[in-house]
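The next block holds one structure in the form of structure tokens; read it before the comments.
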Amino acid sequence: MATTTITKTEKLVGKRIRRREDPRLITGTATYVDDIKMPGMLYASILRSPHAAAKIRSIDISKAKALKGVHAVFIGEDTKDAGAVPCGASLPGLRVPHHNILAIDRVYLVGHPVAVVVATDRYIARDGVELIEVEYEVENAVADPEKALAPGAHAVHPQWPDNVAFTFHQEGGDVAKAFAEADVIVKQRITSQRLIPNSMETRGVVADWRAADRTMNLYTSTQAPHLVRSLVAQILGLEENRFRVVAPEVGGGFGAKIQTYAEEILLAWISIKLQKPVKWIESRRENFTCTIHGRGHVDFYEIAAKRDGTILGIKLKLIQDLGAYFTILTPGIPTLSVLMMPGLYRTPNISADIVGAFTNCPPTDAYRGAGRPEATHGIERMVDMLAAELKMDPAEIRLKNFVRNEEFPFPTATGLVYDTGDYSAPLKKAMEMAGYDKLRKEQVEARKQGKYMGIGLCAYGEICAFGPSPATPAGGWESCTVKIEPSGQVTVLTGISPHGQGEETTFAQIVGDELGVGIDDVLVLHGDTQLVPYGIGTFGSRSTAVGGTALYYALQDLKATIKKFGEMLLESDDVTFAGGQCTCNKSGKSIGVKGIAAAAYRAMKLPANTGPGLVATHFWEPPNFTFPFGAHLVVTEVNGETGDVVIKRYIAVDDCGNILNPLIVDGQVHGGVAQGIGQALWEQAVYDDNGQLVTGEFMDYTMPRAHMMPWIESAHTITPTPVNPLGVKGVGEAGTIGASPAVVNSVVDALSTLGVRHLDMPLTPEKLWKLIAGRNA
Amino acid sequence: MKISGLYFLPLPPEQAYQRLQDPEVLAGAMPGCESLEKIGEDEYRMKMKMALASLSGNFDGKVRITEQNPPQSFKLMVEGSGKVGFMKGEGNLKFTPKDAGTDVSYEGDVQVGGTIAAVGQRLIDGTAKMMIKRFFDKIAA
Amino acid sequence: MIPQQFEYSAPKTLDEALGLLAEGAKPLAGGMSLIPMMKLRLAAPEHLVDLGRIKELSYIREQGGELHIGATTTHHEVESSALVRGKCPLLAETASHIGDVQVRNMGTIGGSVAHADPAADYPAALQALEAKIVLKGAKSERTVSAGDFFVDTFTTALEPGEIVREVIVPIDGDGTGTNYQKVIQPASGFAIVGIAVRVRKSGDKVTMARIGVTGLSNRAFRATEAEKALEGRSGSPAEIQAVAALVGQGIDANSDLHASADYRLHLASVYAARALATALGRIA
């Protein structure tokens, strides 16, 4: 129980404080969507297409309807009025497929929802699904974006036979001139494979329609409850103020829960139809095939440089595997890659062309890093290849091209303005921690013994704290209400929707320091649209940088009110509020937050122009993104006999600006690195030529596990951002963005003695063994 | 998935060719085949019950024989679908006399879809090989 | 888990269980393979007989110079048993490589053996140990050698209505060395290739070599050509390399997205060499 006093003097920000949310998580008392039970609740189970491309000839639901316990069976025809899955990204000439919540006459991916059975329990619902008979006319499918763009490929949508959803061009500077003047040009095709986000909790929805007061209660495992509310209310023609969305405990998202999905619309629609609460919980198998995927790039890079290593320009042709339809951000993700393509380098000339390709696969969308890992992987691979071409040390070429400290704010060739930075600091720190020069000597020795030892660097930048509203599809600001209760305890209502990021703790730390109250006297609430002011949600490393800033400004308003009450109660106009106390600078008398709160609510007397109560709300619009940066250094050894990669050392130096809670920052870096290593070495959504996902369960899709992780040596440099008063930049995606290029650069370095200059992920042992065996033979 | 192999049948090519087209023999040899019913020229409807380890499933399918070139080669197409997924196999069979018997070589493509494709990847290759071997063992018997 | 409806029995005696199995029920041991299949509705048994409450099936005991291990003994129990570690270290070592902690706490030796997954770990060790497997039906009991038991992918000598009652492994005296080496498929934890080696030396000569292989082909098998090539030799590094190269010879190797047939065969030879060298080095 919280027993700390209301006032305290110890500073909380910057301390390794354990997460306040963890006790309920580790004792199993948190409430997830599947824990919600309601009287009379029904269960939905969805029949999904086993084919990647087919016409639906007929659907026979009679047997399913006749099953005892089945309340209803719906097919696409029934739901025509319920509309389509929304996409929030817009690009000139974008072809947006109309994705009905249940397929109507065609299916275009494995897992496409075809019918839904609603029954008294989930077992009967599932039995009902098995009784539905669908006759399909199976067509050829295309699951590879390059094949989809080739002439004669199967058209994912018949109305667009070229499978092109959009093309997008961006350039800055004079790239033609840069390439004409270059001493050296390096070209490479680089892929970033499809990944399956795999949060621990799959998706799930409970919809509860109350006709009498026209109220919809929708419980859903989402990162953006208000967005779901606005979109689903609009799609179903419901009143927004009577539409409540609750994100209860959410067991991870990684970007895959920003979207508004077919099932959220479908469940709400069913609840209205049947006038009953209804639940659907996604199976892991559905999660693999029906929730969004990440990455899916085929990139063709060209980099032009002078003999001394100065980068003059970069050209990129980017093929994005979009999948068969769009979710909220699908077509926008590759544009983020283009924005980030210069990396941390001064590169004045760029040109990029994106082709968005339809495939018979699930949509790609935001997955931890969303567009920036792909871009970072590209530029960091290219810089390494350029260094190899010029026989320069990979550290030297990076240090030479970094944006210099005096150049901030730095306008990039892609139109961004980097806020602040000291880009060489993390790289130098990582090299110092590793003993870089000594390592290079060890490498020479190891090579003499026939060992494949590699040292890989990555210097990464990010676009975080999404973001200024013009740069986001649904607003990029954030909101916060802070209430000091009559007892002096504090309740924070934030518009962000944390699901593992730890803001219940970091926000309480901020409140503690600003108001001088103990951390246990602060309660941070989120994820309920009927409780908190309209908010944007949690994604894009934005929660603390944007949501935390909204909190900070709300606290400043409150502090001003507190001071007014302090002046009234202390009968002085020379009062300072600090450490939870209003103190009269003349008399030395003071009164704490608790006393002020009691007076503010009792309201026997009020300061001039001040109402009763202590509540403040702030909506904050950020003036810019933030641009965290850092460097990873990875030492690997590839086993020449088997191709196994062993990570000998993993050094991660991150600069996310000011650190509110080092424990949480380390946790975010570690988790991010695990996902980045996962992409580099193991993870891959593999589709066969018929559009069947062959890594469709954890038996074949290699999720990184704790025992597969190296020890991560984590350190930080601190360059506070001027974009927000907290000086924080965001850290949720940093580890993922830095990890994949660092690991791949290290393995390529290990095998460079065989003439290897590039390898595509994942670096499976067999792939490396073939190279080693082939070249040694 | 590509498949190929070679199987020796202790029968002269003409007989081997005939045997491999005899619906009764096929029905007896196809693993799990419960019935084979002629529905057209060289086309049969098949009901199969697959049982492998704890996996069990009923499949409705078709068998078709085309591109007949007796006694040298023909094309065999088998497809089936059920609740657990579907499969489709297509193979060219070639008959070459060897000693007193015949080498039957096959080369083809197997497609698997649905739940079995997504969760049984590591077993599909081995299972296909086992099924084919059982098939030929029965043909030879 | 949302399986199809099924009947569930949890008898306390083996006879009761065998009676139900004779009526066509399906046995459930640790459930590490069957339950996921039921969850995916790839398996839909109408009647499950849970063997987990039959006390007479869970034991490890020394008897007649051999170790008898009851069918429902968990992998963790085998891995941590002082008796197994002392008297048949190969089996304990192999058990320690199975799946992960959770699987080892639930999975059983009888279940693994009866399931005969072509990439399961135990079968390699049981082949190398020339283990005996006791099969029990409602009216009969018989003992089958591991060599005869593992027939094909998921196919064993078990007849309908029979279950694995126990596994019998030999106790090797001094002069024997063993080792299990495994290439893990990182997603599933199954073996891409697993090699169990059991060697005995007298003086400078290898007098017995047994090499059990799993994951490589349709079933676990003994690499008899390689065994013969080692017997009578000293087990020098060069000999080990030559013997290891024979392990995959003539084998129609499996291929999947984690390892092609060529790579599997290569790994079999690399890991056989490692297992042989380790086992020879362990001879007391």
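The values are calculated or read from the model by the stated rules, or taken from the named source; none is laboratory data. In this text, all values refer to a predicted model and were calculated from it rather than measured experimentally. Every residue, glycine among them, receives a Cβ derived from its backbone with ideal geometry; neighbour counts consider all protein chains shown.
Do any strands (runs of 3 or more DSSP E) entirely within the range A:77-187 hold 2 or more residues that are more than 27 Å from A:Ile354 (Cα to Cα), and if so, which? Outline the logic, then answer.
Working: elements: A:113-119, A:133-138, A:164-172.
So the answer is A:113-119, A:133-138.
Quick one: in the range A:729-777, which of the residues that are assigned to a loop (DSSP other than H, G, I, E, B) and of a type in the set (D, E, K, R) is nearest to the chain's Cα centre (by Cα)?
If we take residues in the range A:729-777 being assigned to a loop (DSSP other than H, G, I, E, B) and of a type in the set (D, E, K, R), then A:Glu733 is nearest to the chain's Cα centre (by Cα).
Within the range C:181-197, is there a residue that is crowded, with 17+ Cβ neighbours inside 10 Å, farther than 30 Å from C:Leu257 by Cβ and touching a Ser or Thr at 6+ places or on another chain (Cβ under 9 Å)?
No, that holds for no residue.
Could you say whether any residue in the range A:601-610 is at negative phi and surrounded by 19 or more Cβ atoms within 10 Å (Cβ to Cβ)?
No, the range A:601-610 contains no residue that is at negative phi and surrounded by 19 or more Cβ atoms within 10 Å (Cβ to Cβ).
Inside the range C:228-272, can you point out the residues that are closer than 27 Å to A:Pro762 by Cβ, of a type outside the set (A, V, I, L, M) and in contact (Cβ under 8 Å) with a residue 24 or more places away in the chain?
C:Gly248, C:Asn254, C:His258, C:Arg264, C:Ser269, C:Tyr271 - these are the residues of the range C:228-272 that are closer than 27 Å to A:Pro762 by Cβ, of a type outside the set (A, V, I, L, M) and in contact (Cβ under 8 Å) with a residue 24 or more places away in the chain.
Just for helices (runs of 4 or more DSSP H) wholly inside the range A:502-620: which have at least 2 residues that are closer than 25 Å to A:His226 by Cβ? Outline the logic, then answer.
Values: elements: A:503-515, A:548-570, A:593-602.
Helices (runs of 4 or more DSSP H) meeting the threshold: A:503-515, A:548-570.
At pLDDT 95 or above and under 28 Å from the mean Cα position of the chain (by Cα), is that true of A:Thr120?
Against the criterion (at pLDDT 95 or above and under 28 Å from the mean Cα position of the chain (by Cα)), A:Thr120 does not qualify.
Can you name every residue in the range B:90-115 that is within 14 Å of chain A (Cβ to nearest Cβ), in contact (Cβ under 8 Å) with a residue 60 or more places away in the chain and either crowded, with 20+ Cβ neighbours inside 10 Å or at positive phi (or both)?
Matches in the range B:90-115: B:Val112 only.
Please work out if B:Glu67 is at positive phi, surrounded by fewer than 18 Cβ atoms within 10 Å (Cβ to Cβ) and part of a strand (DSSP E or B).
yes
Taking the stated definitions as given, is C:Gly173 surrounded by fewer than 17 Cβ atoms within 10 Å (Cβ to Cβ) and either touching a Gly at 6+ places or on another chain (Cβ under 8 Å) or not aliphatic (A, V, I, L, M) (or both)?
In short, yes.
Would you confirm whether any residue within the range A:42-65 is charged (D, E, K, R), in a helix (DSSP H, G or I) and surrounded by fewer than 21 Cβ atoms within 10 Å (Cβ to Cβ)? Write out each step before concluding.
Taking the range A:42-65 as the starting set, the residues that turn out to be charged (D, E, K, R) are A:48, A:55, A:57, A:60, A:63, A:65.
Restricting the remaining residues to those that are in a helix (DSSP H, G or I) gives A:63, A:65.
Now narrow it down to the ones that are surrounded by fewer than 21 Cβ atoms within 10 Å (Cβ to Cβ): A:63, A:65.
Yes, because at least one residue in the range A:42-65 is charged (D, E, K, R), in a helix (DSSP H, G or I) and surrounded by fewer than 21 Cβ atoms within 10 Å (Cβ to Cβ).
Could you list, ordered by first residue, the pairs with Cβ atoms under 6 Å in which the first is in the range A:391-405 and part of a helix (DSSP H, G or I) and the second is of a type in the set (S, T, N, Q), at least 6 apart or interchain?
Once the first residue is part of a helix (DSSP H, G or I) and sits in the range A:391-405, its partners that are of a type in the set (S, T, N, Q) give A:Leu399/A:Ser424.
Within the range A:699-710, is even one residue more than 22 Å from C:Val101 (Cβ to Cβ), part of a loop (DSSP other than H, G, I, E, B) and in contact with a strand residue (DSSP E or B) (Cβ under 8 Å, 6 or more places away or on another chain)? Full working, then the answer.
We begin by selecting, within the range A:699-710, every residue more than 22 Å from C:Val101 (Cβ to Cβ); these are none.
Checked against the condition, which is being more than 22 Å from C:Val101 (Cβ to Cβ), part of a loop (DSSP other than H, G, I, E, B) and in contact with a strand residue (DSSP E or B) (Cβ under 8 Å, 6 or more places away or on another chain), the range A:699-710 yields no hits at all.
Which ones in the range A:691-720 are over 21 Å from the mean Cα position of the chain (by Cα) and within 14 Å of chain B (Cβ to nearest Cβ)?
Those that are over 21 Å from the mean Cα position of the chain (by Cα) and within 14 Å of chain B (Cβ to nearest Cβ): A:Gly691, A:Gln692, A:Leu693, A:Val694, A:Thr695, A:Gly696, A:Glu697, A:Phe698, A:Met699, A:Asp700.
Just one of A:Val686, A:Val665, A:Val669, A:Val723 is surrounded by fewer than 19 Cβ atoms within 10 Å (Cβ to Cβ) and in contact with an Asp or Glu (Cβ under 9 Å, 6 or more places away or on another chain); which is it?
It is A:Val686.
Could you pull out the residue among B:Gly85, B:Gly80 that is farther than 23 Å from A:Val686 by Cβ, surrounded by 18 or more Cβ atoms within 10 Å (Cβ to Cβ) and either modelled with pLDDT under 90 or within 14 Å of another protein chain (Cβ to nearest Cβ) (or both)?
On the way: B:Gly85 fails: farther than 23 Å from A:Val686 by Cβ.
Answer to the selection: B:Gly80.
Among the candidates C:Val151, C:Val206, C:Val197, C:Val193, single out the residue that is in a strand (DSSP E or B), within 14 Å of chain B (Cβ to nearest Cβ) and over 30 Å from C:Glu56 (Cβ atoms).
Selected residue: C:Val193, the only one of C:Val151, C:Val206, C:Val197, C:Val193 that is in a strand (DSSP E or B), within 14 Å of chain B (Cβ to nearest Cβ) and over 30 Å from C:Glu56 (Cβ atoms).
I'd like the full set of residues that are crowded, with 24+ Cβ neighbours inside 10 Å and outside any strand (DSSP E or B), limited to the range A:621-642.
A:Phe625, A:Phe627, A:Pro628
Which numbered condition in (1) farther than 23 Å from A:Tyr108 by Cβ; (2) at pLDDT below 95 is the only one that A:Cys290 fails?
(1)
In the range B:27-44, what residues are part of a strand (DSSP E or B), surrounded by 12 or more Cβ atoms within 10 Å (Cβ to Cβ) and touching a helix residue (DSSP H, G or I) at 6+ places or on another chain (Cβ under 7 Å)?
Passing the criteria: B:Cys33, B:Leu36, B:Tyr44.
For residues that are surrounded by fewer than 19 Cβ atoms within 10 Å (Cβ to Cβ) and small (Gly, Ala, Ser), scanning just the range A:90-124, find the one that is nearest to A:Asp35 (Cα to Cα).
A:Ser90
So which residues in the range A:658-690 are at pLDDT 95 or above, farther than 17 Å from A:Gly730 by Cα and not in a helix (DSSP H, G or I)?
Listed by number, the residues that qualify are A:Glu683, A:Gln684, A:Ala685, A:Val686, A:Tyr687.
Name the residue that is nearest to the other protein chains (Cβ to nearest Cβ), counting only residues in the range A:118-139 that are among the aliphatic types (A, V, I, L, M) and in contact with a His (Cβ under 8 Å, 6 or more places away or on another chain).
A:Val138
Have a look at C:Leu246, C:Leu257 and point out the one that is surrounded by fewer than 21 Cβ atoms within 10 Å (Cβ to Cβ), within 14 Å of chain B (Cβ to nearest Cβ) and not β-branched (Val, Ile, Thr).
After ruling out the rest, the residue left standing is C:Leu257.
Step by step: first the residues of the range C:260-279, then only those that are among the polar types (S, T, N, Q) and within 14 Å of another protein chain (Cβ to nearest Cβ), then the one that is farthest from the chain's Cα centre (by Cα). Which residue is that?
C:Ser260
Identify all residues within the range A:617-660 that are acidic (Asp, Glu) and either closer than 20 Å to A:Arg447 by Cα or within 14 Å of another protein chain (Cβ to nearest Cβ) (or both); write none if there are none.
Scanning the range A:617-660 gives A:Glu637, A:Glu641, A:Asp644.
Pairs only if they're at least six apart or on different chains, beta carbon under 9 angstrom, first in the range A:746-766 and buried (at least 18 other Cβ atoms within 10 Å of the Cβ), second of a type in the set (Lys, Arg) and in a loop (DSSP other than H, G, I, E, B); list them, first residue then second.
A:Val748/A:Arg757; A:Ala750/A:Lys451
For the range B:70-103, what are the residues that are of a type in the set (Val, Ile, Thr) and farther than 18 Å from A:Asn690 by Cα?
Across the range B:70-103, the qualifying residues are B:Thr96, B:Thr102.
In this structure, is A:Gly566 buried (at least 21 other Cβ atoms within 10 Å of the Cβ), under 18 Å from A:Glu478 (Cβ atoms) and at pLDDT 95 or above?
Considered against the rule, which asks whether it is buried (at least 21 other Cβ atoms within 10 Å of the Cβ), under 18 Å from A:Glu478 (Cβ atoms) and at pLDDT 95 or above, A:Gly566 comes out as no.
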